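The block underneath contains the structure these notes are about, expressed in structure tokens.
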Amino acid sequence: MSKLGTLGARLHRGEIGYDFVGKRKIWYAISILITITAILGLTVRGLNMGIEFQGGAVFTTPKHMSASVTQAETYAQDASGHDAIVQKLGDGSLRIQIAGIDTDKSDQIKDQLSKDLKVDSENINADLVGPSWGDQIANKAWEGLAIFMVLVVIYLAIAFEWRMAVAALVALIHDITITVGIYALVGFEVTPGTVIGLLTILGYSLYDTVVVFDSLKEQTKDITKQTRYTYSEVADRSINGTLVRSINTTVVALLPVAGLLFIGGGVLGAGMLNDISLSLFVGLAAGAYSSIFIATPLVADLKEREPQMKALKKRVLTKRAQAAAKGEPLDAPASAVPLDDDDEPEGAAAAVVGPRNQPASRNRGRGRPSGKRR
């Protein structure tokens, strides 16, 4: 078995683990910082809306043009008096976008471009786009997003509980905000393809979150009937048990998207395919982060506020304090059990941690939570 497969099996069995929930304040701080940066980007720079949302004209030249993108951009700006976006497609043709022009102006620009590029005017294809079409797409997207959010909250509240529904909703909003913020900061153009990709990433983000929640729900059955583990420690084990699966799922999903983005967009030329893959690539990465570092730690935070879970935590800590006073071995949570000596790299003790001042147990299987009465 590969080292990654071995690591995944040991994480799933609870033999080793990383204290994700215990370090949740760090992840929250990172997410808040990223979110504030994204909001500032939206406020200061705003989104670079595509021509579909602004209205204007799109000119497509014949194949195998000798003019460069820079030359065509200069010609288009001189002819229109507006900023122009020029993209070279895979077949060698040029796609020239100019926003904020009407039909009469479009004909003039087309004639001038044919002279500057030295091609027949009939060979330049001109398409006028009205801003109302883009507005309709945006409105439908917002409606679809709102309906999706409501259905997700209802489903998760029924299938799991309302705290998990709230955590999943926060994670989804987190992913959307970061993705849109990156578009604003970098200046990526927002097109209908971007909207499609943005709605698609919600499903990927939700998938990883539900996988962890399902594991957490199973492991916390009758959790108050035992005194070995707190809710946060069981939540930690749920994350660790599905960690390698989440990583593998994300990597496998990112590979074809990266192929579409860098090969399809970079080699074959920009277009709808490139717009969709760009938003997917950014959103998938943000979704993988939120599933591991935001959603489950937030559920643990909400659950630990319940009187039952507060009482459970008090009983667990009291029992451990009594065992420590008697010199008896403690039942350490999965995140407190380090790697074996043969596998432990230098500095691993700082990475694989558990609650402070709690001795680690190296007995296999002793760090596994269970719903059975002890």
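The values are calculated or read from the model by the stated rules, or taken from the named source; none is laboratory data. Small disclaimer: the values here were computed from a predicted structure and weren't measured. Cβ coordinates were reconstructed from backbone atoms using ideal geometry, including for glycine residues, and neighbour counts include every protein chain displayed. Only protein heavy atoms, including side chains, enter the accessible area calculation; ligands, DNA and RNA are left aside. Shrake-Rupley method; radii C 1.70, N 1.55, O 1.52, S 1.80 Å.
Residues whose amide H comes within less than 5 Å of that of VAL190, counting only those at least five positions distant or on another chain, are ASN48, MET49, GLY50 (H built at 1.01 Å from N in the peptide plane).
VAL282 contributes an accessible area of around 20 Å² to the protein surface, as traced by a 1.4 Å probe with all chains present.
Here the relative contact order of the range 114-229, from alpha carbon pairs under 8 Å that lie six or more residues apart, stands at 23 percent. In the range 175-310, Cα pairs under 8 Å separated by at least six residues give a relative contact order of 43 percent.
Give the carbon-plus-sulfur fraction of the accessible surface of the range 29-110 in %, rounded to a whole number; probe 1.4 Å, heavy atoms of protein chains only.
Solvent-exposed carbon and sulfur of the range 29-110 make up 54 percent of the total.
Using a probe of 1.4 Å on the protein chains alone, the accessible area found for ARG245 is around 130 Å².
Figure note: LYS140, LYS25, LYS217 ranked by solvent-accessible area, largest first, 1.4 Å probe, ligands and nucleic acids not counted: LYS25, LYS140, LYS217.
Rolling a 1.4 Å probe over the protein chains gives THR70 an accessible area of about 100 Å².
What shape does the range 178-302 take by its C-alpha gyration tensor, where a ≥ b ≥ c are the square roots of the eigenvalues and a/c under 1.5 counts as rounded, a/b above b/c as prolate, and the rest as oblate? It is prolate, given that a/c is not under 1.5 and a/b is the larger ratio.
Would the range 124-195 count as rounded, prolate or oblate if I go by the C-alpha gyration tensor, calling it rounded below 1.5 in a/c and otherwise prolate when a/b exceeds b/c, oblate otherwise? It is oblate, given that a/c is not under 1.5 and a/b is not larger than b/c.
Evaluate the distance, in nm, between pseudo-label points positioned 7 Å from the Cα of ALA258 and of LYS25 along their respective Cα→Cβ axes. It is 3.6 nm. Here the range 196-260 exposes an accessible surface that is 65 percent carbon and sulfur, computed with a 1.4 Å probe and the other protein chains kept in place. Rolling a 1.4 Å probe over the heavy atoms of the protein chains gives the range 167-267 an accessible area of 37 Å² per residue. Sorting ASP301, ASP107 by solvent-accessible area of protein heavy atoms yields ASP107, ASP301, largest first, with a 1.4 Å probe.
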